[in-house]
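The values are calculated or read from the model by the stated rules, or taken from the named source; none is laboratory data. Remember, it's a predicted structure, so these values are computed and weren't measured experimentally. Neighbour counts are summed over all protein chains in view; Cβ atoms, including those assigned to glycine, are modelled from backbone coordinates with ideal geometry. Accessible surface areas use protein heavy atoms only, side chains included; no ligands, DNA or RNA. Shrake-Rupley method; radii C 1.70, N 1.55, O 1.52, S 1.80 Å.
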Amino acid sequence: MHVNRSDDGPRDAPRGSILFVHGFPLDSSVWTHQLAALPAGWHALAPDLRGFGRSPLGAWAGELSSGRRVGNGIAFPDEPVLTMDRLADDMAALIEKEVGRPAVICGLSMGGYVALSLWRRRPDLVRALVLADTRAETDSDEARENRRRTAQLAREEGARPVADAMIGNLLAPATLDGDSDVVDRVRRMILATPPATLVAALAGLAARHDATGELPHIDVPTLVVVGEQDAVTPPAVARSMADAIPGARLAIIPGAGHLACLEAPEAFNQALAAFLDGIG
Ligand code: MLT
């Protein structure tokens, strides 16, 4: 697995370790601004999840569970399903190997689903949660159908139509119109994602667990962050998630869309630093 790391290792970081988990279909470079401005005393890991960025899917393909149907009867062909639990187990192995103590898990969108799965499966490894532009609910039938169509596009035509279909939803209008650097970076990340990963992850996203019932039981400090103009997981969704988690804080990032950490890094980093100050 390819992992970006902060300069300081876990032993040189008295305040603790943070694991940054990227969204779909992106890679660890979405966290560039967070790694560059990490508050003093913290150590960070930002892996490319399997199949994304520089981490191959193929090496693990044999371990993936395959299934004909996911969700409410929406059929995917008999292909590997990259589940959120599988990705969470990868993150658990990484924390055990490289950190050796509970870490702050900061997950963006799909990375938030992975963070919630990790908390459910391995709470002993989770010191705190940062849930960024994400949700606890599973997909609606309409969302699953949309994923099935997107997977079909990826199978037939590769990543390009997926990038075309997604990019307008991922970024705020002001980013789309005025920040060609961010638009290009996001487009490049999507185009670099192999179709096999797109298909396997779309099936895993559609099949994911509904975590809403678990939110009241989350007993670690939690920050919910959302872009003010997030069209995928809007502020109302973030607010209801924060309301359901005991003691959770909510930070709304002005002007940002679904990729707040990349679109408004200064405001995102301020919210993150204030949260980290409160826990370590
Ligand atoms: C993401 O950014 O990870 C995706 O938008 C998540 C999703 O499609 O549910």
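Based on this model, can you work out whether residue 170 counts as in contact with a helix residue (DSSP H, G or I) (Cβ under 8 Å, 6 or more places away or on another chain), closer than 24 Å to residue 273 by Cβ and within 13 Å of the ligand (Cβ to nearest atom)? Answer is no for this residue.
Under the condition of being within 16 Å of the chain's Cα centre (by Cα) and either more than 16 Å from residue 215 (Cβ to Cβ) or of a type in the set (Asp, Glu) (or both), the residues counted in segment 119-166 number 4. Of the residues making up segment 169-190, those that are open to solvent by 60 Å² or more (accessible area, probe 1.4 Å) and within 19 Å of residue 146 (Cα to Cα) number 1. Among the residues of segment 4-36, which ones are among the acidic types (Asp, Glu) and farther than 28 Å from residue 147 by Cβ? Within segment 4-36, 7, 8, 12 meet the criteria. Scoring residue 146 on the criteria (1) more than 15 Å from the ligand (Cβ to nearest atom); (2) open to solvent by 40 Å² or more (accessible area, probe 1.4 Å) leaves a single failure, condition (1).
The C-beta contact set for segment 105-121 (first residue closer than 18 Å to residue 256 by Cα, second residue assigned to a helix (DSSP H, G or I), distance under 7 angstrom, 6+ apart or interchain) comprises 107/114; 107/115; 108/30; 108/261; 110/205.
Go through segment 102-118 and give me each residue that's of a type in the set (A, V, I, L, M), under 12 Å from the mean Cα position of the chain (by Cα) and either within 12 Å of the ligand (Cβ to nearest atom) or not in a helix (DSSP H, G or I) (or both). Those that are of a type in the set (A, V, I, L, M), under 12 Å from the mean Cα position of the chain (by Cα) and either within 12 Å of the ligand (Cβ to nearest atom) or not in a helix (DSSP H, G or I) (or both): 105, 108, 110, 114, 115. Here the condition is being modelled with pLDDT under 95, touching a strand residue (DSSP E or B) at 6+ places or on another chain (Cβ under 6 Å), of a type in the set (A, V, I, L, M, F, W, C) and buried (at least 18 other Cβ atoms within 10 Å of the Cβ); of 57, 64, it holds for 64 alone.
Flag: residue 257 does not match the condition of being on the phi > 0 side of the Ramachandran plot and assigned to a loop (DSSP other than H, G, I, E, B).
If you go through segment 224-247 and keep only what is assigned to a loop (DSSP other than H, G, I, E, B), of a type outside the set (D, E, K, R) and either buried (at least 18 other Cβ atoms within 10 Å of the Cβ) or within 16 Å of the ligand (Cβ to nearest atom) (or both), you end up with 229, 231, 232, 233, 234, 245.
Scanning segment 16-47 for residues being open to solvent by 10 Å² or more (accessible area, probe 1.4 Å) and either modelled with pLDDT under 95 or more than 16 Å from the ligand (Cβ to nearest atom) (or both) gives a total of 9.
What pairs come up if the first residue lies in segment 2-24 and is among the small types (Gly, Ala, Ser), the second is open to solvent by less than 20 Å² (accessible area, probe 1.4 Å) and within 16 Å of the ligand (Cβ to nearest atom), and their beta carbons are under 6 Å apart, counting only those six or more places apart or on different chains? Once the first residue is among the small types (Gly, Ala, Ser) and sits in segment 2-24, its partners that are open to solvent by less than 20 Å² (accessible area, probe 1.4 Å) and within 16 Å of the ligand (Cβ to nearest atom) give 23/108; 23/109; 23/110; 23/111.
For segment 261-269, the criterion of being touching a Lys or Arg at 6+ places or on another chain (Cβ under 8 Å) and within 16 Å of the ligand (Cβ to nearest atom) is satisfied by at least one residue.
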